[in-house]
């Protein structure tokens, strides 16, 4: 992934314009590399191999809720290690009761029974609806709306996860789409904090307001600013003691803290 660098001479720019510039620059210039989802080479290898195990990426996306992302994204690898296989047909042959047992025994998630059911349902959908090949969701240069729609068909997948998945496929995996209009920003706590502190939305702005603000900033690809906001929030715009002096957009941020 491309790392953000501090921009000089940007004092005359608005924060929204600079975020769009940073996002477009990353999207335009980045090459596909191993994405450090969990910062573990073996686990990240499975999650990044969308040519051979695209279902690992899809199932990890479905697990990414109400726990730290790094923990959620290790679940497919934990299942692979436990079952000693990760073929879709083999995964589909495991009962929901067995998945619940594995989730509970290994404490894979905060909500083990619920997420075991979602994992089980996701595997069944991949086998039955996509002929065992999850990459059919994004093959043949689909529209962004189609990709988001297909993710929304999975049990437990809301708009936030669906747009996050589409955004990762487009910007990090470099999957070609026919368009990017339907890939919204996915406002987690970091993105929401950055959008509020920059003054792009009000201090009490709801998630929907953030989504529509991003659409206004860059209608052809609203989600292009998502990763930049997330990285700024994780690196500099922390909940306490933000490092505004070194932040890449510090010179234009309104610093509503």
If you scan region 152-177, which residues turn out to be in a loop (DSSP other than H, G, I, E, B) and at negative phi? 153, 154, 155, 157, 158, 172, 173, 175, 176, 177
Report yes if residue 103 is more than 27 Å from residue 183 (Cα to Cα), outside any helix (DSSP H, G or I), out of contact with any strand residue (DSSP E or B) (no Cβ under 7 Å at 6 or more places or on another chain) and in contact (Cβ under 8 Å) with a residue 12 or more places away in the chain, otherwise no. no
As an exercise: evaluate residue 131 against (1) over 22 Å from residue 186 (Cα atoms); (2) assigned to a helix (DSSP H, G or I) and give the number of the one condition it does not meet. (2)
Flagged in region 62-93 as over 16 Å from the mean Cα position of the chain (by Cα), crowded, with 18+ Cβ neighbours inside 10 Å and in a loop (DSSP other than H, G, I, E, B), in numbering order, are 86
Mind telling me which of the residues 113, 125 ends up being surrounded by fewer than 16 Cβ atoms within 10 Å (Cβ to Cβ) and outside any loop (DSSP other than H, G, I, E, B)? 113
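A quick yes/no check of all residues on (1) on the phi > 0 side of the Ramachandran plot; (2) under 17 Å from the mean Cα position of the chain (by Cα); (3) in a helix (DSSP H, G or I):
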| site | (1), (2), (3) |
| --- | --- |
| 179 | no, no, no |
| 183 | no, yes, no |
| 190 | no, yes, yes |
| 203 | no, no, no |
| 248 | no, no, no |
If we scan region 220-228, do we find a residue that is surrounded by fewer than 16 Cβ atoms within 10 Å (Cβ to Cβ), modelled with pLDDT of 95 or more and in the same structural domain as residue 15 (by TED's automatic domain parsing)? yes
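The values are calculated or read from the model by the stated rules, or taken from the named source; none is laboratory data. Since the structure is predicted, the reported quantities are computational estimates derived from the model, not experimental observations. Neighbour counts are summed over all protein chains in view; Cβ atoms, including those assigned to glycine, are modelled from backbone coordinates with ideal geometry.
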